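Have a look at the structure below, then the notes.
Every number in this text was worked out from the coordinates using simple rules, so none of it is lab data. Note that the coordinates shown come from a computational prediction; the quantities given were computed from them, not determined experimentally. Don't worry about glycine lacking a Cβ; one is built from the backbone with ideal geometry, like all the others, and counts go over all protein chains shown.
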Amino acid sequence: MDLRQIQYFICLFEEGTVTRAAHRLNIVQPALSMQLAKLEEDLGQQLFERTKQGMVPTAAARQMYRLFLPIMRDFSHARDQVMCVDGNFSGHVNIGLIASITEGVLAETLSAFSAKYPNVGVTVADGYSTTLTDWVSGGQIDAAIINKPRRRLALNVEHVIDEELVLITSARHTAALPAEIAFRDIPSLGLSLILPTRHHGLRGIIDSFAQQEDVELTSAFEVDSLVTIVKLVERTQFATILPRIAVHQRLSDGAVQFHSIVSPRLVRQVVSISHPRRPLNTATTAFIGMLTAQMRLRAQEQSDDQ
């Protein structure tokens, strides 16, 4: 039994099929099968039952997983610490972000992170909260920052920030509106709304508040691209409802303006998710920490501007 065989075993136990495990390990399937056979031979026990649905762990495999997972976690953390020299470590970050975070603080975070940790590679995917959750569960990405779902997740969930959604209008093409607008009054303002589609996490939050308050919001257009939504609002008399972080730059440029929504305030909870069986490496933890700090700083700046 060697370290590589244990790594392969843990991956196969978590993925459930040789195909998925080999893909996650970036090796060919015969190599994984060969190492598993050697491991079973060394232990003198069968670890998996081969079925049409996948690899079903035996009682011995479940016991081995419970015993070796914390050891491998400690090994991974120890390796990261040894490789860290004067706070500068290597490795790779593979995470997912919802689009509003990508638009709001990703560029600044990548710039600061690269300057501090030049030996770390970063891969960032964006998508819907549900998609990113599936990717974390399936091992395609290590962590994600998403809108907190209403259903309970079988993942590690850590609170990042609470953000208010606001009404966004053009600074040049829309008649003056009050700084604060009651949620129930939005339909009577005569505005044509552009909202994300019902597949989008932000739309789910907006619709949930609308249902609770018995408010009917009618959208002229439904578009998931936040960049497109903001461009249309900027150039026309359309309006939208988004978190301020998603339009930070255009607010700073004076191209759009925001109006606080009250009675009630629309608040979304942003969380970080990761898989409980796949501890994050030091690089990923550092990147999420820096991203979180940028989001909170941006929120504080916005609060100070009010």
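Here the range 3-83 is described by how far its Cα atoms reach on the three principal axes: 41, 25, 20 Å, from widest to narrowest. Kirkwood's formula applied to the C-alpha pairs of the range 83-218 gives a hydrodynamic radius of 18.0 angstrom. The modelled label-to-label distance between Val223 and His173, using points 7 Å beyond Cα along the C-beta direction, is 0.9 nm. Taking the C-alpha atoms only, the angle from helix 201-213 to the longest principal axis of the chain is near 50 degrees.
Charges were assigned to the Cβ only: +1 to each Lys and Arg, -1 to each Asp and Glu. The resulting dipole of the range 176-250 about its Cα centre is roughly 360 debye. Subtracting the Cα-Cα distance of Ala59 and Asp126 from their residue separation scaled by 0.36 nm leaves 20.2 nm.
For the chain, with only Lys/Arg (+1) and Asp/Glu (-1) charged at the beta-carbon, what is the dipole magnitude about the Cα centre, in debye rounded to 20?
Values: 29 positive and 32 negative charges, 130 e Å.
With Lys and Arg at +1 and Asp and Glu at -1, about 620 debye.
Once the Cβ-Cβ distance between Gln29 and Arg4 is put in as r, and R0 is 25 Å, what FRET efficiency do you end up with, to the nearest 0.05? The value I calculate is 0.95.
Using 0.36 nm per residue and subtracting the Cα-Cα separation, the extra length available between Lys52 and Thr197 on full extension is 48.4 nm.
Using only alpha carbons, the chain has a radius of gyration to Kirkwood radius ratio (Rg to Rh) of 1.08.
Per-residue extension of 0.36 nm, minus the Cα-Cα distance of Asn119 and Leu153, leaves a gain of 8.9 nm for this segment. Selection among Thr197, Thr19, Ser225 by position relative to the dipole of the chain gives Thr19 as farthest towards the positive end (Cβ unit charges, Cα centre). For the residues Thr51, Thr123, Thr197, a GNM of the chain with alpha-carbon springs under 10 Å puts the largest fluctuation on Thr51. The mean sequence distance of close C-alpha pairs (under 8 Å, at least 6 residues apart), as a share of the length of the range 71-226, puts its relative contact order at 20 percent.
Calculate for the chain the 222 nm mean residue ellipticity that helices alone would give, adding -39,500 (n - 2.57) per DSSP H run of length 4 or more and normalising by residue count, nearest 500 deg cm²/dmol.
-15000 deg cm²/dmol
Nearest 5 is fine: what % of DSSP beta bridges in the chain come out antiparallel, could you say? So the antiparallel bridges amount to about 60 percent of the total.
The relative contact order of the range 3-83 comes to 27 percent, based on Cα pairs under 8 Å that sit 6 or more residues apart. The alpha carbon centroids of the range 1-56 and the range 136-205 are separated by 42 Å. Counting Lys +1, Arg +1, Asp -1, Glu -1, what net charge surrounds Ile229 among other residues with beta carbon under 13 Å of its beta carbon? With Lys, Arg at +1 and Asp, Glu at -1, the neighbours total 0. Comparing the range 41-153 with the 2.2 N^0.38 Å rule of thumb, its C-alpha radius of gyration ratio is 1.43 (two decimals).
Distance distribution P(r), the range 142-267, all Cα-Cα pairs, bin width 10 angstrom from 0: 12, 45, 33, 9, 1 percent. Working from Cα pairs under 8 Å separated by at least six residues, relative contact order for the chain is 23 percent. What the Cα convex hull of the range 242-306 gives, in volume per residue, is 105 Å³.
The modelled label-to-label distance between Arg296 and Ala37, using points 7 Å beyond Cα along the C-beta direction, is 5.3 nm.
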